[in-house]
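Written below as structure tokens is the structure these notes are about.
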Amino acid sequence: MFPSDDGHHISRRLAIIAFGVSVGFIACGCPGGAAEPERLRLGGTGMTLATMRRIAEAFVSTAPGTTVEVLPSLGSAGGIAAVAAGAIDLGLSARALTPAERGKGLRERAYARTPIAFVTHPAKTRCEIGFAQVIGILAGTLTTWPDGTPVRLVRREPSDADWIMLQDLSPDFAAAVAVARQRPGLLTATTDQENADMLERLHGSFGMISIGQLRAENRQLAPFALDGVRPEPEALAGGRYKLARTLRVIWRDLPGRGLSAFLDFLQGPQAHDILTRLGHLSPVDGVS
């Protein structure tokens, strides 16, 4: 079960759209006298934005007269809500639709998987960790690294899909996540970009980020090997690394011509090459 963002955060993210914020705008010019270009608006989970901008750049080079605007982070729930409201054309989600969301006429398609890594500030030279140590960091029983540096856990909001994944790993993880959510003094990141900024800035930091976001945004972070396994796409494909997120696109009813073309492009070889280069694999049926 994936709880949605609370009403305040969804309203705040939809307000970004209402006020016409256009960070990440990608355009393909039209010759004089041509018809007004078709415009697509995309938004949702922050872990996909940098990758989707690169795919959009490749797409508009093949579709003269089309523009693609990739909005700042709305979160998965915010992107889904924006599609349902007709505010954007395509939502970007790190979780599946709920039955209630499907009941609003929304449709979804998985387009990639990417490993989810535990990471720290790049000053650390030895990056290995075990599940037991992660539980200790979350619960606050492990507070320093072996070199004596304080562990600076960066917390996410309760609706964050990666932290929900953690709590679903085992009863011990569920208990540790519950403690982490109540611990005083922790920094809480509200978006994937804010999360990455905090992890890069804080010496001794500890948190989670997708390999896709890390590579697409060229983040200076050190991923941990988890119980001896590096969070690489090859390890995920071989079943040796288990923590991953399946990424989805969300749209409403039947897509128009421009959106249909973009959805087709997303399944094509150019997009596949971009996704592979940035740490993604093809989706697997039945994998969330």
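The values are calculated or read from the model by the stated rules, or taken from the named source; none is laboratory data. As the structure is a computational prediction, the values presented were derived from the model and not from experiment. Virtual Cβ from ideal backbone geometry, glycine too; neighbours counted across all protein chains shown. Just the protein is used for accessible areas: all its heavy atoms, side chains included, with ligands, DNA and RNA removed. Shrake-Rupley method; radii C 1.70, N 1.55, O 1.52, S 1.80 Å.
Relative intensity of region 150-215 on a log10 scale, I(q)/I(0) at q = 0.19 Å⁻¹, equals -0.74, per a Debye sum over C-alpha point scatterers of equal strength in the absence of solvent. When the P(r) is computed for the chain, the part past 30 Å accounts for 31% of the Cα-Cα pairs. Magnitude of the charge dipole for the chain, about its Cα centre and with charges confined to Cβ atoms of Lys, Arg (+1) and Asp, Glu (-1), is about 120 debye.
Rolling a 1.4 Å probe across all protein chains gives F59 an accessible area of roughly 10 Å².
A 1.4 Å probe run over the protein chains yields, for region 38-169, 35 Å² of accessible area per residue, whole-number rounding.
Look at the alpha carbon pairs under 8 Å that are at least 6 residues apart: their mean separation over the length of region 101-244 gives a relative contact order of 40 percent.
Only beta bridges with both residues in region 104-251 are counted; by DSSP, about 70 percent of them are antiparallel. Database remark: amide H of R245 closer than 5 angstrom to the amide H of T114, I116 (H placed geometrically; neighbours at sequence offset of 5 or more, or on other chains; Pro and chain starts carry no H).
With a 1.4 Å probe rolled over the protein heavy atoms of all chains, the accessible area of K104, K242 falls in the order K242, K104, largest first.
Look at the Cα gyration tensor of region 234-280: its axes a ≥ b ≥ c give a/c of at least 1.5 with a/b at or below b/c, and that counts as oblate.
Think of it as helices only: each DSSP H run of n ≥ 4 in the chain is worth -39500 (n - 2.57), and spread over all residues that comes to -10500 deg cm²/dmol at 222 nm. Rounded to the nearest 10 degrees, the inclination of helix 192-201 to the longest alpha-carbon principal axis of the chain is 40 degrees. Per atom type, the chain shows carbon and sulfur on 54% of its accessible surface, probed at 1.4 Å. To the nearest ten degrees, helix 257-266 and the longest principal axis of the Cα atoms of the chain are 40 degrees apart. Expressed to the nearest 5 percent, the antiparallel share of DSSP beta bridges inside the chain is 60 percent.
For the chain, a Gaussian network of Cα nodes joined below 10 Å ranks L202, L275, L71 by mean-square fluctuation, and the top entry is L202.
The phi-based Karplus calculation (6.51 cos²θ - 1.76 cosθ + 1.60; θ = phi - 60°) puts the 3J(HN,Hα) values of region 272-284 at 4, 5, 5, 4, 4, 4, 9, x, 10, 10, 5, x, 10 Hz, whole numbers, x for Gly and Pro. The 3J(HN,Hα) values that the Karplus relation (6.51, -1.76, 1.60; θ = phi - 60°) gives for region 139-153 are, in residue order, 7, x, 8, 10, 10, 9, 7, x, 7, x, 5, x, 7, 10, 6 Hz. Gly and Pro appear as x.
Ranked by solvent-accessible area (1.4 Å probe, protein heavy atoms only, all chains present), the residues L49, L169 order from largest to smallest as L169, L49. Averaged over its residues, region 174-223 has an accessible area of 40 Å² per residue, based on protein heavy atoms and a 1.4 Å probe.
Dividing the mean sequence gap of close Cα pairs (under 8 Å, 6+ apart) by how many residues region 168-232 holds gives a relative contact order of 18 percent.
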